[in-house]
């Protein structure tokens, strides 16, 4: 079992659950790890940061992350449920909106609490190295939460000490530019103070922080810019940080893409940062386990204890169009793709998965995704990524052990390529092409030799990170400097129902795709009015000042 999760299971009740109330401004719980008898040595200090790796993110990861990141981003659609995300009209009372906002600020609050506890209670036996490392862990997690907040909500309140806001609902939003500066400073502190090697399996390192700085500077390059005028200094820093991680972290791409999601894949050598989950049957072990698997698994047949609730979730038509050669002549001609990422991410009729065992009259067999039948006019390309099956003895209803990727090395390769491209229409830079091809060719595709464009890199990112809650944030990054292009991409995404037919059964070699004629909705209508999420109504009701104009943040030293 993962070291960090051994600690997590012990701490989750006393340090997190009591603090995850409906109002993120609630005073941190008195029974959390604030006792002066704690934080007396390096081991206890590290134990104090363990919940930041999973439980504080629980409400977000369970459902909201893929609803915002993938459904809203257009890689996935849902035929009947979550239409507020599918149709791009999430409101102030939409469930994923409130779940995400709450989880992000719970993470901020718990990170602030950890920082305060270490500064207040750390004993003489705590080494300066571990003290700074643990504070860096907390600041890193706080920055990740604020990145999600600012990219979903725009101007949001910056909070460094929750206790300062307990007496009254007087929060003011801070400028978007200041939120990003706050994020950058936290990541910079983390890069300077995190250990180069993980203190325990799954723990953060300085290379993770530098990877996040690469991601951050790529975003900042476009903040407030216009098309063709991204800030070169930020692009250069994005490229520099990405290359440092690629060449100095000791990480490497997994040889086979599918191995990234075959259990047990946790904390592999391509992974830079994962949320750490663990299966446990202990009381309240639900908080330590990955529950997202239950939400996205399409069939009870392959779920632990019959908890597969993702039957109407599917790759969108737009997503499937991006796989070269798959949808031919608008789907009327049988097509196939060499891209190995398709089978790892989504299921088509006839795809066989030995890792997903099913019972056939007492005999365990590999799962074969079913043929919808010749007369059917609707079916789904169901989600495979993160779906790990029953895992006897390691999973149960809403309790799975597999981790959630938050940053992979592959992103650094594509970040370098985009930063090198910069404001140019295309690039033939040898290193940019080398890094792009490292990702592209691992997927089983031929070497890319044409000049590299933004569209090439964007589509590669979509295929590489589908169902990893990345698409929406890539679109937000684009929106910062070319809003109309972001709207055009979203509005052109077909998000409607269709049917997939194999060319033969069993063992199909190609598929046709047909849009369902009676399904009315197909395209969203993105614009400046709905591109950012509204603040949840429950939060505005408690702090009306959130509706006021944002103000500058007063940074300390």
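General remarks:
- Among the candidates 160, 192, 129, the residue that is surrounded by fewer than 18 Cβ atoms within 10 Å (Cβ to Cβ), touching a residue at least 12 places away in the same chain (Cβ under 8 Å) and out of contact with any helix residue (DSSP H, G or I) (no Cβ under 8 Å at 6 or more places or on another chain) is uniquely 129.
- The listed residue being in a loop (DSSP other than H, G, I, E, B) and either under 23 Å from the mean Cα position of the chain (by Cα) or at pLDDT below 95 (or both), out of 388, 439: 388
- Of all the listed residues (281, 255), the sole one being in contact (Cβ under 8 Å) with a residue 12 or more places away in the chain, surrounded by fewer than 18 Cβ atoms within 10 Å (Cβ to Cβ) and under 18 Å from residue 54 (Cβ atoms) is 281.
- Flag if residue 223 is touching a helix residue (DSSP H, G or I) at 6+ places or on another chain (Cβ under 6 Å), closer than 22 Å to residue 178 by Cβ and assigned to a helix (DSSP H, G or I): no
- A count restricted to region 173-187 and to residues that are farther than 18 Å from residue 408 by Cα, surrounded by 17 or more Cβ atoms within 10 Å (Cβ to Cβ) and either in contact with a helix residue (DSSP H, G or I) (Cβ under 7 Å, 6 or more places away or on another chain) or without any contact (Cβ under 8 Å) to a residue 60 or more places away in the chain (or both) stands at 8.
- Any strands (runs of 3 or more DSSP E) falling wholly within region 291-382 and containing at least 3 residues that are in contact with a helix residue (DSSP H, G or I) (Cβ under 7 Å, 6 or more places away or on another chain) and surrounded by fewer than 17 Cβ atoms within 10 Å (Cβ to Cβ): none
- First in region 346-364 and at positive phi and touching a residue at least 24 places away in the same chain (Cβ under 8 Å), second anywhere and surrounded by 18 or more Cβ atoms within 10 Å (Cβ to Cβ) and assigned to a strand (DSSP E or B), Cβ under 6 Å, 6 or more apart: 350/502
- Count - residues of region 53-93 that are surrounded by fewer than 21 Cβ atoms within 10 Å (Cβ to Cβ) and closer than 14 Å to residue 533 by Cα: 6
- Single residue of region 426-445 satisfying the filter (under 19 Å from residue 337 (Cα atoms) and in contact (Cβ under 8 Å) with a residue 40 or more places away in the chain) that is surrounded by the most Cβ atoms within 10 Å (Cβ to Cβ): 439
- Scanning region 471-509 for residues that are assigned to a loop (DSSP other than H, G, I, E, B) and either at positive phi or in contact with a helix residue (DSSP H, G or I) (Cβ under 6 Å, 6 or more places away or on another chain) (or both) returns 493, 494, 495, 507.
- Residue match in region 395-402 (condition: farther than 21 Å from residue 215 by Cα, touching a residue at least 12 places away in the same chain (Cβ under 8 Å), surrounded by fewer than 18 Cβ atoms within 10 Å (Cβ to Cβ) and touching a strand residue (DSSP E or B) at 6+ places or on another chain (Cβ under 9 Å)): no
- The residues on offer are 108, 126, and the sole one that is assigned to a loop (DSSP other than H, G, I, E, B) and at pLDDT 95 or above is 126.
So that you can scan it fast, the table gives a plain yes or no per residue for (1) under 21 Å from residue 477 (Cβ atoms); (2) in contact with a strand residue (DSSP E or B) (Cβ under 9 Å, 6 or more places away or on another chain):
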{"position": "182", "(1), (2)": "yes, yes"}
{"position": "189", "(1), (2)": "no, no"}
{"position": "195", "(1), (2)": "no, no"}
{"position": "199", "(1), (2)": "no, no"}
{"position": "205", "(1), (2)": "no, yes"}
{"position": "208", "(1), (2)": "yes, yes"}
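- The requirement of being over 26 Å from the mean Cα position of the chain (by Cα), loosely packed, with under 15 Cβ neighbours inside 10 Å and under 21 Å from residue 89 (Cβ atoms) is not satisfied by residue 555.
- Region 24-68, residues that are over 29 Å from the mean Cα position of the chain (by Cα), part of a loop (DSSP other than H, G, I, E, B) and modelled with pLDDT of 90 or more: 40, 41
- Residue in region 414-430 that is within 28 Å of residue 141 (Cβ to Cβ), at pLDDT 95 or above and part of a strand (DSSP E or B) present: no
- Per-region count, region 86-99, residues assigned to a helix (DSSP H, G or I) and touching a residue at least 60 places away in the same chain (Cβ under 8 Å): 3
- Among the candidates 133, 148, residue that is over 21 Å from the mean Cα position of the chain (by Cα), under 24 Å from residue 58 (Cα atoms), at pLDDT 95 or above and assigned to a helix (DSSP H, G or I): 133
- If you go through region 512-529 and pick out every residue that is surrounded by 15 or more Cβ atoms within 10 Å (Cβ to Cβ) and in a loop (DSSP other than H, G, I, E, B), you end up with 5.
- Considering region 539-552, and only residues there that are in contact with a strand residue (DSSP E or B) (Cβ under 9 Å, 6 or more places away or on another chain) and surrounded by 13 or more Cβ atoms within 10 Å (Cβ to Cβ), the residue that is modelled with the lowest pLDDT turns out to be 546.
- Residue 250 being part of a loop (DSSP other than H, G, I, E, B), modelled with pLDDT under 95 and surrounded by fewer than 20 Cβ atoms within 10 Å (Cβ to Cβ): no
The values are calculated or read from the model by the stated rules, or taken from the named source; none is laboratory data. Quantities reported herein were computed from a predicted structural model and do not represent experimental measurements. So basically every Cβ, Gly included, is an ideal-geometry build from the backbone, and we count neighbours across all protein chains shown.
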